[in-house]
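The values are calculated or read from the model by the stated rules, or taken from the named source; none is laboratory data. In this text the structure is predicted, and so the values were computed from the model without any measurement. Cβ: placed from backbone, ideal geometry, glycine included. Neighbour counts: every protein chain shown.
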Amino acid sequence: MQLRPRRSVLYMPGNNQRALEKAKTLAADALIFDLEDAVAPDQKIAARAVLIEAVKNNDYGRREIAIRINALATTWGADDIKAVASTSVHAVCVPKIESAEQVRAIALALEHNGAPPSMAIWAMIETPLGVLNAREIVAAHPRLNVLIMGTSDLSKDLRVPHTPDRLGFITSLGLCVLAARAYGLDILDGVDLDLSGSEAFRAICAQGRTLGFDGKTLIHPNQIAGANDIFGPSAAVIEHAQRVLEVWWAAEKSGAGVAVLDGKLVENLHAAEAERVLAIAAAIAAVAP
């Protein structure tokens, strides 16, 4: 089972040379270099050139690298796609996706500009229409392999506040998790504005994991450790997964109809989940600095 850890996915401004260098030392599983919100309109063309040069001299090691472009409908979108396609980054991150047609347009632009087949699309769901169309979006094209919640813009459009329980977002988050899981995609939770990585931030991460997210998008390096801890399997969870597989394999070998661990029935679905836990733990260990 081949999995890629995406516990911590950090946004970094694409026009900040110091930030681009600092990114090489951070323990985030993935980096999204941003040409959209983080860059002022009069700096976008220069920022693109700086960023493309930085990723062409890729020294980001184990980290998965994505570039968030400006939407295709903007002045800069088409040139952003052309520039990203010329690199070997892992993914292009696209803001405010609301339809399957937008995903297919991005895929066509990547192919037209010679992007390698391995370059994925990460689609940001930031609007009510994007949430309602999530099922069609996730099925739009094979290049799409990650959904990202854009909860800041979603908050504005839904007219709901950011609260500790995120009650106003629960329906939207759940619908997008369902869509991602139905089509085998990873899905990342939206950013949190607590830059300290405090216990409140960790609580939000824990809620996201309970809701089914694979990891969290971040806006400050202080948040990385908490996201890695919460979204990664703990030692206890890894040990339990190993024990589940041991009793399951033993039952299969002996021809027993059922397996039991600590007085609880173990079925094939439990064995499959245990295998997934151990696969993601192995993937995390493989990329650990």
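ALA66 meets the conditions (1) modelled with pLDDT of 95 or more; (2) over 20 Å from the mean Cα position of the chain (by Cα); (3) among the hydrophobic types (A, V, I, L, M, F, W, C) in every case but one. The failed one is (2).
In the range 164-175 there is at least one residue matching the filter, namely being more than 16 Å from the chain's Cα centre (by Cα), of a type in the set (Ser, Thr, Tyr) and buried (at least 20 other Cβ atoms within 10 Å of the Cβ). Among the residues making up the range 112-153, a single one is among the charged types (D, E, K, R) and closer than 19 Å to ILE65 by Cα: ARG143. Does VAL277 fit the bill of being more than 21 Å from ASN145 (Cα to Cα), outside the structural domain of ALA28 (by TED's automatic domain parsing), among the β-branched types (Val, Ile, Thr) and at pLDDT below 95? No, not satisfied. Residues of the range 126-143 that are of a type outside the set (Gly, Ala, Ser) and in a loop (DSSP other than H, G, I, E, B): GLU126, THR127, ASN133, HIS141, PRO142, ARG143. Restrict the check to the range 208-223 and report whether at least one residue is within 20 Å of ALA288 (Cβ to Cβ), buried (at least 20 other Cβ atoms within 10 Å of the Cβ) and of a type in the set (Phe, Trp, Tyr). Within the range 208-223 (the criterion being within 20 Å of ALA288 (Cβ to Cβ), buried (at least 20 other Cβ atoms within 10 Å of the Cβ) and of a type in the set (Phe, Trp, Tyr)), the answer is no, since none of the residues qualifies. Criterion first (over 30 Å from LEU147 (Cβ atoms) and either surrounded by fewer than 20 Cβ atoms within 10 Å (Cβ to Cβ) or aromatic (Phe, Trp, Tyr) (or both)) does GLN242 satisfy it? Criteria met by GLN242.
Does the range 21-37 contain any residue that is loosely packed, with under 15 Cβ neighbours inside 10 Å and within 30 Å of ALA140 (Cα to Cα)? Yes, some residue in the range 21-37 is loosely packed, with under 15 Cβ neighbours inside 10 Å and within 30 Å of ALA140 (Cα to Cα). Residues considered: ALA256, ALA251. Of these, the only one that is farther than 30 Å from ARG4 by Cβ, touching a strand residue (DSSP E or B) at 6+ places or on another chain (Cβ under 6 Å) and not polar (S, T, N, Q) is ALA251.
Rundown of residues vs (1) under 21 Å from ALA285 (Cα atoms); (2) at pLDDT 95 or above, yes/no style:
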residue: THR217; (1), (2): yes, yes
residue: ASN228; (1), (2): yes, yes
residue: ALA235; (1), (2): yes, no
residue: HIS240; (1), (2): yes, yes
residue: ALA250; (1), (2): no, no
residue: ALA256; (1), (2): no, no
residue: VAL266; (1), (2): no, no
residue: HIS270; (1), (2): no, no
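Residues in the range 142-163 that are under 15 Å from LEU132 (Cα atoms), hydrophobic (A, V, I, L, M, F, W, C) and surrounded by fewer than 20 Cβ atoms within 10 Å (Cβ to Cβ): LEU158 only. Considering VAL103, VAL39, the condition of being in contact with a strand residue (DSSP E or B) (Cβ under 6 Å, 6 or more places away or on another chain) and not in a strand (DSSP E or B) is satisfied by VAL103 alone. The residues on offer are GLU98, GLU111, and the sole one that is farther than 17 Å from ILE187 by Cβ and charged (D, E, K, R) is GLU111. Exactly one residue among LEU193, LEU178, LEU188 is crowded, with 22+ Cβ neighbours inside 10 Å and under 19 Å from the mean Cα position of the chain (by Cα), and that residue is LEU188.
The residues listed here are ALA28, ALA123, ALA47; of these, the one that is touching a residue at least 24 places away in the same chain (Cβ under 8 Å), part of a loop (DSSP other than H, G, I, E, B) and touching a Leu at 6+ places or on another chain (Cβ under 7 Å) is ALA28. Filtering the range 108-120 to residues that are part of a helix (DSSP H, G or I) and either modelled with pLDDT under 95 or surrounded by fewer than 20 Cβ atoms within 10 Å (Cβ to Cβ) (or both) leaves LEU108, GLU111, HIS112. Any residue that is touching a Leu at 6+ places or on another chain (Cβ under 7 Å), of a type outside the set (S, T, N, Q) and under 26 Å from PRO142 (Cβ atoms) - is there at least one of those in the range 281-289? The answer is yes; a qualifying residue exists. When ALA241, ALA271, ALA203, ALA227 are screened for being within 17 Å of the chain's Cα centre (by Cα), part of a helix (DSSP H, G or I) and touching a residue at least 24 places away in the same chain (Cβ under 8 Å), only ALA227 passes.
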